[in-house]
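Just below is one structure, and these are the notes that go with it.
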Amino acid sequence: MVELLYARISSKRLGVLIGTEGRTKKKLEEQSGVKIFVDSSSGEVTIDEASCEDPTMGLKAKDVVQAIGRGFSDEKAMELLEEDAFLRIFDIKDFTHSRSRVMELKGRVIGSHGKTRRLIEELTGTSLSIYGHTVSIIGSTVQLNVSCRAVEMLLTGSEHASVYQYMERMRPRLSVEKMGF
(Lines give C-alpha, C1' and ligand atoms only; values in the text may rest on other atoms or scores of the structure.)
Protein backbone atom coordinates (compact mmCIF):
# COMPACT_ATOMS: atom_id res chain seq x y z
CA MET A 1 0.00 0.00 0.00
CA VAL A 2 1.41 3.36 -1.05
CA GLU A 3 1.22 6.02 1.62
CA LEU A 4 0.92 9.61 0.44
CA LEU A 5 0.89 12.68 2.63
CA TYR A 6 -0.12 16.12 1.44
CA ALA A 7 0.71 19.66 2.46
CA ARG A 8 -0.02 22.99 0.83
CA ILE A 9 2.29 25.96 1.17
CA SER A 10 2.32 29.47 -0.24
CA SER A 11 3.90 29.89 -3.64
CA LYS A 12 6.10 32.53 -1.99
CA ARG A 13 7.72 29.78 0.11
CA LEU A 14 8.11 27.10 -2.58
CA GLY A 15 11.54 28.45 -3.54
CA VAL A 16 12.76 27.85 0.02
CA LEU A 17 11.42 24.29 -0.03
CA ILE A 18 13.01 23.49 -3.37
CA GLY A 19 16.23 25.42 -2.75
CA THR A 20 18.90 26.48 -5.19
CA GLU A 21 19.07 23.92 -7.98
CA GLY A 22 16.74 21.67 -5.95
CA ARG A 23 19.25 21.14 -3.13
CA THR A 24 16.87 21.59 -0.18
CA LYS A 25 14.25 19.22 -1.58
CA LYS A 26 16.93 16.66 -2.42
CA LYS A 27 18.49 16.93 1.05
CA LEU A 28 15.08 16.43 2.68
CA GLU A 29 14.45 13.37 0.51
CA GLU A 30 17.87 11.89 1.31
CA GLN A 31 17.65 12.47 5.06
CA SER A 32 14.05 11.29 5.45
CA GLY A 33 13.88 8.56 2.80
CA VAL A 34 10.70 9.97 1.24
CA LYS A 35 10.04 11.18 -2.28
CA ILE A 36 8.64 14.71 -2.63
CA PHE A 37 6.61 16.07 -5.53
CA VAL A 38 5.88 19.80 -5.75
CA ASP A 39 3.09 21.33 -7.83
CA SER A 40 4.36 24.89 -8.17
CA SER A 41 1.09 26.18 -9.63
CA SER A 42 -1.06 25.13 -6.64
CA GLY A 43 1.54 24.96 -3.87
CA GLU A 44 0.54 21.37 -3.16
CA VAL A 45 3.32 19.12 -1.94
CA THR A 46 2.92 15.35 -2.09
CA ILE A 47 5.10 13.19 0.11
CA ASP A 48 5.45 9.55 -0.93
CA GLU A 49 6.65 7.52 2.03
CA ALA A 50 6.54 4.14 0.26
CA SER A 51 10.35 3.81 0.12
CA CYS A 52 10.79 5.11 3.65
CA GLU A 53 12.24 2.60 6.14
CA ASP A 54 11.19 4.57 9.24
CA PRO A 55 7.41 5.10 9.25
CA THR A 56 7.71 8.30 11.32
CA MET A 57 9.93 9.98 8.72
CA GLY A 58 7.01 10.62 6.37
CA LEU A 59 5.25 12.64 9.05
CA LYS A 60 8.47 14.39 10.02
CA ALA A 61 9.09 15.30 6.36
CA LYS A 62 5.56 16.75 6.21
CA ASP A 63 6.37 18.83 9.31
CA VAL A 64 9.52 20.11 7.59
CA VAL A 65 7.46 21.15 4.56
CA GLN A 66 4.89 22.86 6.77
CA ALA A 67 7.58 24.63 8.82
CA ILE A 68 9.15 26.02 5.64
CA GLY A 69 5.68 27.07 4.53
CA ARG A 70 5.17 28.90 7.82
CA GLY A 71 8.34 30.97 7.47
CA PHE A 72 11.17 28.92 8.95
CA SER A 73 14.47 28.68 7.11
CA ASP A 74 15.24 25.33 5.51
CA GLU A 75 18.05 24.72 8.04
CA LYS A 76 15.76 25.35 11.03
CA ALA A 77 12.95 23.26 9.52
CA MET A 78 15.32 20.32 8.91
CA GLU A 79 15.82 20.08 12.69
CA LEU A 80 12.35 18.52 12.73
CA LEU A 81 13.89 15.32 11.36
CA GLU A 82 15.57 14.80 14.75
CA GLU A 83 13.95 12.40 17.20
CA ASP A 84 12.74 14.88 19.81
CA ALA A 85 11.87 17.86 17.62
CA PHE A 86 8.28 18.83 16.95
CA LEU A 87 6.26 21.55 15.24
CA ARG A 88 3.23 23.35 16.62
CA ILE A 89 1.27 25.87 14.57
CA PHE A 90 -1.20 28.31 16.12
CA ASP A 91 -3.73 29.97 13.84
CA ILE A 92 -4.28 33.40 15.36
CA LYS A 93 -7.73 33.47 13.74
CA ASP A 94 -8.74 30.82 16.30
CA PHE A 95 -8.30 33.49 18.98
CA THR A 96 -10.26 36.29 17.26
CA HIS A 97 -12.58 37.00 14.34
CA SER A 98 -11.35 40.50 13.61
CA ARG A 99 -8.62 41.04 11.00
CA SER A 100 -7.27 44.08 12.90
CA ARG A 101 -7.17 42.02 16.09
CA VAL A 102 -5.05 39.38 14.28
CA MET A 103 -2.44 42.08 13.65
CA GLU A 104 -2.65 43.17 17.29
CA LEU A 105 -2.18 39.61 18.56
CA LYS A 106 0.79 39.09 16.23
CA GLY A 107 2.25 42.25 17.75
CA ARG A 108 1.73 40.90 21.26
CA VAL A 109 3.71 37.74 20.42
CA ILE A 110 6.46 39.68 18.66
CA GLY A 111 6.63 42.44 21.29
CA SER A 112 8.32 45.81 21.08
CA HIS A 113 11.35 45.49 18.76
CA GLY A 114 10.94 41.68 18.86
CA LYS A 115 11.58 41.49 22.62
CA THR A 116 8.78 39.06 23.51
CA ARG A 117 9.57 36.66 20.69
CA ARG A 118 13.28 36.77 21.55
CA LEU A 119 12.58 36.10 25.25
CA ILE A 120 10.32 33.14 24.45
CA GLU A 121 13.03 31.66 22.24
CA GLU A 122 15.83 32.31 24.76
CA LEU A 123 13.97 31.16 27.87
CA THR A 124 12.45 28.03 26.32
CA GLY A 125 15.09 27.07 23.75
CA THR A 126 12.49 26.97 20.97
CA SER A 127 12.34 28.73 17.60
CA LEU A 128 9.36 30.88 16.63
CA SER A 129 8.10 32.06 13.27
CA ILE A 130 5.28 34.57 13.01
CA TYR A 131 4.06 34.40 9.42
CA GLY A 132 0.73 35.46 7.97
CA HIS A 133 -1.90 34.69 10.56
CA THR A 134 0.08 31.94 12.31
CA VAL A 135 2.61 31.51 15.07
CA SER A 136 4.74 28.40 14.61
CA ILE A 137 7.10 26.86 17.13
CA ILE A 138 9.84 24.24 16.81
CA GLY A 139 11.23 22.54 19.91
CA SER A 140 11.51 19.40 22.02
CA THR A 141 8.51 18.07 23.92
CA VAL A 142 9.20 19.95 27.16
CA GLN A 143 10.38 23.12 25.40
CA LEU A 144 7.31 23.07 23.18
CA ASN A 145 4.94 22.67 26.14
CA VAL A 146 6.36 25.74 27.88
CA SER A 147 6.62 27.83 24.72
CA CYS A 148 3.10 26.93 23.55
CA ARG A 149 1.66 27.83 26.92
CA ALA A 150 3.45 31.21 26.79
CA VAL A 151 2.10 31.92 23.30
CA GLU A 152 -1.42 30.85 24.32
CA MET A 153 -1.22 33.17 27.32
CA LEU A 154 -0.28 36.08 25.07
CA LEU A 155 -2.97 35.29 22.51
CA THR A 156 -5.64 35.10 25.22
CA GLY A 157 -4.68 38.45 26.72
CA SER A 158 -2.34 37.71 29.63
CA GLU A 159 0.01 40.49 30.64
CA HIS A 160 3.52 40.19 29.23
CA ALA A 161 4.96 40.27 32.74
CA SER A 162 2.84 37.25 33.71
CA VAL A 163 4.08 35.34 30.67
CA TYR A 164 7.72 36.18 31.46
CA GLN A 165 7.21 35.08 35.09
CA TYR A 166 5.66 31.80 33.92
CA MET A 167 8.64 31.07 31.68
CA GLU A 168 11.09 31.94 34.47
CA ARG A 169 9.27 29.50 36.79
CA MET A 170 9.60 26.79 34.14
CA ARG A 171 13.37 27.29 33.60
CA PRO A 172 14.42 24.58 36.09
CA ARG A 173 12.22 22.07 34.26
CA LEU A 174 13.81 23.07 30.94
CA SER A 175 17.30 22.83 32.43
CA VAL A 176 16.66 19.29 33.67
CA GLU A 177 15.54 18.28 30.16
CA LYS A 178 18.64 19.87 28.61
CA MET A 179 20.83 17.71 30.89
CA GLY A 180 19.06 14.61 29.58
CA PHE A 181 17.30 13.40 32.72
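The values are calculated or read from the model by the stated rules, or taken from the named source; none is laboratory data. Since we're looking at a predicted model, the values are computed, not measured. Cβ placement follows ideal geometry from the backbone for every residue including glycine, while neighbour counts extend to all protein chains displayed.
So here's what we get for this one:
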quantity: Failed criterion for Asp54 (all others in (1) modelled with pLDDT of 95 or more; (2) over 17 Å from Gly22 (Cα atoms); (3) not assigned by TED's automatic domain parsing to the domain that holds Val146 hold); calculated: (1)
quantity: Some residue of segment 106-120 being at pLDDT 95 or above and part of a loop (DSSP other than H, G, I, E, B); calculated: yes
quantity: Members of segment 146-161 found to be among the polar types (S, T, N, Q) and either crowded, with 18+ Cβ neighbours inside 10 Å or under 16 Å from Arg118 (Cα atoms) (or both), listed by number; calculated: Ser147
quantity: Segment 139-170 - residue that is touching a residue at least 60 places away in the same chain (Cβ under 8 Å) and hydrophobic (A, V, I, L, M, F, W, C) and, of those, nearest to Glu104 (Cα to Cα); calculated: Leu155
quantity: Residue within segment 123-130 that is under 29 Å from Lys60 (Cβ atoms) and part of a helix (DSSP H, G or I) present; calculated: yes
quantity: Candidate set: segment 1-35, residues that are among the hydrophobic types (A, V, I, L, M, F, W, C) and under 16 Å from Gly71 (Cα atoms); chosen: the one surrounded by the most Cβ atoms within 10 Å (Cβ to Cβ); calculated: Leu17
quantity: Number of the condition not met by Ala50 [criteria: (1) part of a strand (DSSP E or B); (2) exposed (fewer than 15 other Cβ atoms within 10 Å of the Cβ)]; calculated: (1)
quantity: Residue in segment 66-79 that is more than 21 Å from Gln143 (Cβ to Cβ) and surrounded by fewer than 15 Cβ atoms within 10 Å (Cβ to Cβ) present; calculated: no
quantity: The one condition in (1) within 18 Å of the chain's Cα centre (by Cα); (2) over 16 Å from Cys148 (Cβ atoms); (3) loosely packed, with under 13 Cβ neighbours inside 10 Å that Ile110 fails to fulfil; calculated: (3)
